[in-house]
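Right, one structure below, let's go through it.
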Amino acid sequence: MNAPARQISLTAFLTLLLIALMMGANHVAARLAFNSGLDVATAVASRSLVTACVVGMIVLVNRVPLRLDARQRRGLLMVGLLVGIQSQCLYSAVARLPVALALLAFNTYPMWTALWDKVIYKRSPERGVIIAMPVILLGLALALDVLGAASGLGSAGQWQSIGSGVAFAMAAASSFGVALVLIQHETAGVDGRVRTTSTTLLTGLIALTVIGLQGGPHWPQATVGWWGLAALTALYGTAFTILFTVLPKLGVAGNSAIMNAEPVFALVLAWAILGQAIAPIQVGGALLVVSAVMWLGLRRK
């Protein structure tokens, strides 16, 4: 018999919302830096390696056990590689789409997780996932304006405008879905702080490899871009540090879906800071996606 879920405290709820706000702001800051000449690989390397150092220090200070068996080591390696791919793809989507739309497309990852769980481990999707899938897809179609009605570009023109960004966002969602499945099945028993350190370190190393292949880093060419780079690094690192050090003490198990409010925060911040605006019907689609994903995470199992 499963233990009853603990009611989330107000402090934990507000902390989850703060993390969602910081992650949304991280992507807005990234777009600000991209507009000033920063490239995706340099952004990913900066934020990931700084975060790996911070969380790694927390692991050492708290003397977190580092003993891993062969399966856990393989699992951490695969998860790190997949999150490295996801990070490159998601920032590439943010560089090409309005920030909120890139995050909404990425927020289809619960469907990808269910798909990969079926493909790799032969586990059938839960009923709730099947119910939510068409709702998420409908909301995403409205948010992305797939027929080009809101933009006036028509279907062909709209996809020419958003196609590459959507492809990157979906690739990010797909790779993250695989990573979540592997985390559950292949890294069970690994402390979250150890997993975060390993994952962000590998993500940073992958980004450094990409930087080497492209002939070196591309830094911002304006002061505002440097502020964007500093902000995205600080916001990302702070959010993950809180996620894996503070939240476990607050009792938020089963409530992490609240962080899927991230696209809503990004929508408001991108409008205020970047001047990005989307049509009312797209806002409705965005809220539909966020609501469905949050329902998936918060429902009683």
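Details
- Ala143 more than 15 Å from Ala286 (Cβ to Cβ), touching a residue at least 60 places away in the same chain (Cβ under 8 Å) and crowded, with 17+ Cβ neighbours inside 10 Å: no
- A Cβ distance below 6 Å, combined with a sequence gap of six or more or placement on separate chains, defines the contacts here; from the stretch 54-69, residues that are more than 21 Å from Thr233 (Cβ to Cβ) and in contact (Cβ under 8 Å) with a residue 24 or more places away in the chain reach residues that are in a loop (DSSP other than H, G, I, E, B) and of a type outside the set (Ser, Thr, Tyr) in the pairs Val64/Asp191.
- Index of the failed condition, Gly37 passing every other in (1) under 15 Å from the mean Cα position of the chain (by Cα); (2) farther than 25 Å from Phe265 by Cβ: (1)
- Among residues that are of a type in the set (A, V, I, L, M), in a helix (DSSP H, G or I) and either touching a strand residue (DSSP E or B) at 6+ places or on another chain (Cβ under 8 Å) or closer than 23 Å to Met111 by Cα (or both), Ile183 is included.
- Here Leu202 qualifies as crowded, with 20+ Cβ neighbours inside 10 Å, within 23 Å of Phe106 (Cα to Cα) and at pLDDT 95 or above.
- Looking only at residues of the stretch 221-260 that are assigned to a loop (DSSP other than H, G, I, E, B) and either under 15 Å from the mean Cα position of the chain (by Cα) or at pLDDT 75 or above (or both), we find that the one that is surrounded by the fewest Cβ atoms within 10 Å (Cβ to Cβ) is Gln221.
- Of all residues making up the stretch 269-300, the number that are outside any helix (DSSP H, G or I) and closer than 19 Å to Ala149 by Cα: 4
- Filter result (touching a helix residue (DSSP H, G or I) at 6+ places or on another chain (Cβ under 6 Å) and surrounded by fewer than 23 Cβ atoms within 10 Å (Cβ to Cβ)) within the stretch 155-169: Ser164, Gly165, Val166
- Residue match in the stretch 187-194 (condition: among the polar types (S, T, N, Q) and part of a helix (DSSP H, G or I)): no
- Those helices (runs of 4 or more DSSP H) of the stretch 31-132 in which at least 2 residues are surrounded by 23 or more Cβ atoms within 10 Å (Cβ to Cβ) and polar (S, T, N, Q), considering only elements entirely within it, cover 40-61, 70-96.
- Pair list, Cβ < 8 Å and 6+ apart or interchain, from the stretch 96-109 residues that are over 16 Å from Arg31 (Cα atoms) to residues that are not in a helix (DSSP H, G or I): Ala105/Leu97
The values are calculated or read from the model by the stated rules, or taken from the named source; none is laboratory data. Predicted, not measured: the structure shown is a model, and the values here were computed from it. Don't worry about glycine lacking a Cβ; one is built from the backbone with ideal geometry, like all the others, and counts go over all protein chains shown.
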